[in-house]
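Asker: Below is the structure I would like to discuss, written out as structure tokens.
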Amino acid sequence: MSTPVAVLLSEVQLATLKQLVDTFAPEVARDDDPSGFWARRGSDLGVDAAIAQQLSSGAVPEADVEGIRQLLDALQAQGFDGAPQPVREAILHGFMDSDPGALAGLSGLRALTFLLFYAIPDPTNGKNPNWEAIGYPGPRAVPPSADEAPKTIGITRPSGGELTLTADVVVIGSGSGGGVIAGKLAGAGKDVVVLEAGGYYNESDFNQLELWAYQNLYRAGGLAQTAEGQVALMTGSNLGGGSTVNWTNCLRTYDWVREEWEQTYGLEGLSGAAYDRHLDEVSKRIGVTDQCSDANGPNQRVLDAAAKLGIDGRAITRNADPEKYDADLAGLMGFGDVSGAKLGTLKTYLQDAADAGARFVVNCRADKVLTENGRAAGIEATYVDPETGAPTRVVVRAPQVVVAAGALDTPALLLRSGIGGPAAGDYLRLHPATAVIGVYDETQKAWWGAPQTALSMEYNNLADGYGYLVETSHASPGVTGTSVPWETGEQHKADMARGPQSSAMVFLIRDRGHGRVTIDGAGQPIHTYPFDDAMDLAHFRHGLKTMARMHDAAGASEIITLHRKPQRWLRDGAESLDDYAQRIHDAPLSPFEHATFSLHHMGSARMGTDPKTSVAGPWGELHDTPGVWIGDASAFPTASGTNPMLTTMALAHRTAEAIAAAV
């Protein structure tokens with residue numbers, strides 16, 4: 001974390017920030033406004049104060065804060081503060097159109113404004129006052145008490161001074177990879193210690209609030225992005241990792257990907273029955289089923305469109321307990337599954353590890369892999385007290401170290417440790433994704449049912465094993481607010497108010513191009529991803545056209561993409577669908593001109609046979625440091641092209657057996 005800024009925003013800058021927030025989310029005159037939505041300004045919810053607090057908290061680098069100060073000063077110098085709404089809107093568009101730095105800064109402030117405006121809860125009732133107008137019901141269950149949903153995994157905490165532990169194996173990270181390895185090795189009789197950077201939460205904590213979830217269950221508060229600002233990065237950070245907050249889409253690794261990984265990268269047994277066994281065993285343990293895949297409006301629109309167009313459309317299998325499954329509550333699983341139906345690692349492999357005697361330290365960030373005589377010797381880490389923020393040094397001595405901190409952080413740990421070789425951090429894949437919104441005549445209930453229960457694989461192999469999947473997304477009002485294009489304050493509110501009739505289809509590409517993870521002077525990760533591979537861009541643009549055609553086939557009256565400058569099609573308008581599809585195909589995808597997301601991060605410490613182009617050998621052990629193993633999606637030789645949870649678990653299961661055989 002950076003040092004807190006010495007100087008806060010001036011009174012003039014604070015006034016400009018308030019006007020900026022109220023330009024993005026203004027008062028709009030409406031006769032019919034029963035909930036006060038149209039009259040409500042961003043500052044009425046304290047959005048400007050919350051942004052100012054964030055800027056002065058130390059969480060934002062000083063250089064970025066200074067850039068915001070300069071931007072606010074420049075706006076004020078243009079007469080922004082005293083101008084009427086249409087003039088302020090024109091000033092903002094002028095800044096964004098003419099200056100890349102201003103575009104980046106204003107895009108960030110716009111996103112933060114809408115995240116807070118549509119997600120910040122009223123402290124008196126736990127609900128955001130805008131939810132009624134946008135048709136979002138919010139939390140729908142009182143979390144069970146701690147007695148009703150006890151935390152059954154014991155936690156080891158430092159007690160005054162440094163904590164030193166010894167073990168056979170120390171596992172860094174507890175998600176889909178680390179959780180499986182911890183469970184398998186502890187079950188095999190190994191003495192296992194698990195270090196997790198996030199906290200330990202379960203159903204008793206899951207209040208179903210979006211902001212709480214980002215702050216407590218996600219890495220970097222859910223607000224990270226690539227260095228270029230082109231791709232938003234979201235991943236879990238808690239005991240259970242991404243498997244606590246993902247959308248339970250259980251897709252098996254494509255046959256052609258398995259063949260590539262075996263034949264090109266030397267991953268023995270991937271193309272045959274040996275790997276099938278790993279997939280089957282993890283699927284059984286996490287309860288993959290087709291019995292909990294009720295389709296809400298967006299998922300049904302995918303199936304409807306597929307049937308109308310004569311393309312692939314199918315139901316998704318999910319890791320869920322049918323006895324606890326509640327379709328109404330499943331729509332909130334991205335904020336933690338209050339029903340307890342989700343069978344992530346927290347309820348499966350981590351519980352197995354705990355039952356077998358594994359020890360767990362949460363709120364503990366791994367700083368460095370310890371080595372002696374060229375091989376693994378343990379981990380040096382820092383525990384941060386969640387109440388006081390006080391740090392405590394933690395050392396775990398172990399001859400086997402499993403690095404499974406996620407593809408955004410695993411390579412950073414290797415780089416801080418000076419191990420992993422020249423490929424450490426390279427070949428980062430992200431499955432770039434976006435949404436296209438369709439507005440329908442009937443209510444869609446996007447917040448009901450699991451976020452993903454249907455998909456289309458029609459375009460998953462357009463060329464050389466690369467293509468994209470068509471899926472759906474989680475109903476998250478804050479993120480939706482940040483994604484819907486803003487042209488005017490009134491237009492944005494109008495689009496949000498049509499939330500009940502809106503369905504978002506998403507697609508994610510299997511990216512051939514790649515980025516890289518490096519570290520700054522403080523050892524913090526930097527994620528660069530140019531998104532300039534010709535095939536990737538062609539497939540992404542192909543996906544935009546496909547989404548338009550699918551929404552049209554499903555009966556949408558209006559279609560909206562997530563470009564900064566709205567690309568909108570009306571069924572009763574003059575533009576043909578083909579012309580619109582070509583228009584969005586040709587629209588810019590450069591940083592801050594289009595909302596692109598990544599929830600799948602892979603390949604940044606990949607397996608392979610060549611130490612120059614891979615970090616670990618075909619079973620996961622580092623080429624240059626025996627006893628250090630890669631246990632998460634960082635190990636993928638290339639992008640999987642599918643939601644990666646099941647592949648991550650299967651490869652981790654395979655690596656766990658290799659570790660057990662080596663110890």
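Asker: With all distinct Cα pairs included, what does the Kirkwood hydrodynamic radius of segment 371-439 come out to in Å, to one decimal, could you say?
Answerer: Radius from the Kirkwood sum: 15.2 Å.
Asker: Read phi for every residue in segment 65-82 and hand back ³J(HN,Hα) as whole Hz from Karplus 6.51 cos²θ - 1.76 cosθ + 1.60, θ = phi - 60°, with x for Gly and Pro.
Answerer: Per residue, the Karplus-derived 3J(HN,Hα) values read 4, 5, x, 5, 4, 5, 5, 5, 4, 5, 5, 4, 5, 8, x, 4, 4, x Hz.
Asker: If each residue of separation counts as 0.36 nm, what is the full-extension length gain between residue 15 and residue 382 once their alpha-carbon separation is subtracted? Don't skip to the answer; put the middle values down first.
Answerer: Numbers: separation 367, 0.36 × 367 = 132.12 nm, distance 3.97 nm.
Gain on stretching residue 15 to residue 382: 128.2 nm.
Asker: Tell me, what ³J(HN,Hα) does each residue in segment 427-437 have, in order and in whole Hz, if you take phi through Karplus 6.51 cos²θ - 1.76 cosθ + 1.60 with θ = phi - 60° and put x for Gly and Pro?
Answerer: 6, 5, 10, 10, 6, x, 9, 8, 10, 10, 9
Asker: Relative to a virtual label point 7 Å from the Cα of residue 290 in the Cα→beta-carbon direction, which members of segment 242-273 show backbone nitrogen distances below 17 Å?
Answerer: Label zone hits: 249-253.
Asker: To continue, here is another question. Quantify, in whole percent, the carbon and sulfur part of the accessible surface of the chain (1.4 Å probe; protein heavy atoms only).
Answerer: Numbers: 12120 of 23990 Å².
The nonpolar share, carbon plus sulfur, comes to 51 percent.
Asker: For the chain, take the longest principal axis of its alpha carbons; what is the angle in degrees between that and the long axis of helix 577-586, to the nearest 10 within 0 to 90?
Answerer: So the helix axis and the longest Cα principal axis differ by about 60 degrees.
Asker: In bins 10 Å wide, starting from 0, what share of all Cα pairs of segment 211-257 does each bin hold, as a percent?
Answerer: 26, 37, 30, 7, 0
Asker: Quick check: net charge around residue 358, other residues with Cβ under 14 Å of its Cβ, Lys/Arg +1 and Asp/Glu -1? Intermediate values should be presented prior to the final figure.
Answerer: Numbers: positive: 184, 190, 359; negative: 168, 191, 196, 352, 355.
Charge balance near residue 358 sits at -2.
Asker: Here's another thing I want to ask about it. I need the shape label for segment 95-186. Rule: rounded when a/c is under 1.5, else prolate if a/b > b/c, else oblate, with a, b, c from the alpha carbon gyration tensor.
Answerer: In terms of gyration-tensor shape, oblate.
Asker: Beyond 17 Å, how much of the Cα-Cα pair distribution for segment 321-375 remains, as a whole percent?
Answerer: Working: 897 of 1485 pairs.
Distances greater than 17 Å cover 60 percent of the Cα pairs.
Asker: Mind pulling the per residue volume of the convex hull built on the Cα atoms of the chain? Å³ is fine.
Answerer: So the per-residue Cα hull volume is 152 Å³.
Asker: With each run of n ≥ 4 DSSP H residues scored as -39500 (n - 2.57), what mean residue ellipticity at 222 nm is computed for the chain after dividing by its residue count and rounding to the nearest 500 deg cm²/dmol?
Answerer: Values: 20 runs with 218 residues, N = 663.
The helix-only estimate for the chain comes to -10000 deg cm²/dmol at 222 nm.
Asker: Using the Kirkwood radius built from alpha carbon pairs, what does the Stokes-Einstein equation give as D for segment 515-663 at 25 °C and 0.890 mPa s, in µm² per second? List each step's numbers first, then the result.
Answerer: Working: Rh = 18.6 Å.
Answer, rounded: 132 µm²/s.
Asker: With all distinct Cα pairs included, what does the Kirkwood hydrodynamic radius of segment 205-352 come out to in Å, to one decimal, could you say?
Answerer: 17.5
Asker: Considering the dipole of the chain built from charges on the beta carbon (Lys and Arg +1, Asp and Glu -1) around the Cα centre, which of 141, 21, 561 is farthest to its positive end?
Answerer: Value: 141.
Asker: Now, a different point. Only Lys, Arg, Asp and Glu count, each charged at its Cβ (+1, +1, -1, -1), so figure out the dipole size of segment 51-131 about its Cα centre, rounded to 20 debye.
Answerer: 300
Asker: Quantify how much of the Cα-Cα distance distribution of segment 383-493 extends past 24 Å, in percent.
Answerer: Values: 3661 of 6105 pairs.
Roughly 60 percent, rounded to a whole number.
Asker: Next question, about the same structure. Can you give me the long-range amide H partners of residue 507? Hydrogens built in the peptide plane at 1.01 Å from N, cutoff under 5 Å, separation of 5 or more residues or another chain.
Answerer: 434, 471
Asker: Okay, next question. Could you check the simple spin-label distance between residue 29 and residue 228, using points 7 Å along Cα→Cβ, in nm with one decimal?
Answerer: Those two pseudo-labels are separated by 4.5 nm.
Asker: Using amide H atoms built in the peptide plane, which far-off residues or other-chain residues are under 5 Å from residue 363 H to H?
Answerer: For residue 363, whose amide H was placed from the backbone, the distant partners under 5 Å are 196, 198, 199.
Asker: Taking the C-alpha atoms of segment 456-599, how large are the radius of gyration and the largest Cα-Cα span, Dmax, in Å?
Answerer: That works out to 16.6, 56 Å for Rg and Dmax.
Asker: Mind checking the full-extension length gain between residue 215 and residue 590? Use 0.36 nm per residue of separation minus the Cα-Cα distance, one decimal, nm.
Answerer: 132.2 nm
Asker: Enumerate by residue number the GluC sites (Glu not before Pro) in segment 153-251 meeting two conditions: DSSP loop (anything except H, G, I, E, B), and at most 10 other Cβ atoms within 10 Å of the site's Cβ.
Answerer: Taking segment 153-251 and a limit of 10 other Cβ atoms within 10 Å, the loop GluC sites (Glu not before Pro) found are 162.
Asker: Taking θ = phi - 60°, what integer Hz values does the Karplus form 6.51 cos²θ - 1.76 cosθ + 1.60 yield along segment 177-184, in sequence order, with x for Gly and Pro?
Answerer: Going residue by residue, I get x, x, x, 5, 5, 4, x, 5 Hz, with x marking Gly and Pro.
Asker: I've got another one for you. Determine one quarter of the surface area of the Cα convex hull of segment 1-128, which equals its mean projected area, and express it in nm² to one decimal.
Answerer: Average of the hull's projected areas for segment 1-128 equals 8.8 nm².
Asker: Okay, next question. Compute the Rg/Rh shape ratio of segment 161-292: radius of gyration over Kirkwood radius, all on alpha-carbon atoms.
Answerer: 1.02
Asker: So who's got an amide H within less than 5 Å of the one on residue 596, skipping anything under 5 residues away but keeping other chains? H placed 1.01 Å off N, in plane.
Answerer: Result for residue 596 returns 232.
Asker: So which of 308/545; 324/445; 151/190; 545/565; 284/445 end up more than 27 Å apart by C-alpha?
Answerer: Violating the 27 Å Cα-Cα cut-off are 284/445.
Asker: Can I ask one more? Compute the helix-to-body angle for 85-98: its Cα long axis versus the longest principal axis of the chain, expressed 0 to 90° and rounded to tens.
Answerer: Helix 85-98 sits at roughly 50 degrees to that axis.
The values are calculated or read from the model by the stated rules, or taken from the named source; none is laboratory data. Keep in mind the model is a prediction, meaning the values are calculated, not measured. So basically every Cβ, Gly included, is an ideal-geometry build from the backbone, and we count neighbours across all protein chains shown. Just the protein is used for accessible areas: all its heavy atoms, side chains included, with ligands, DNA and RNA removed. Shrake-Rupley method; radii C 1.70, N 1.55, O 1.52, S 1.80 Å.
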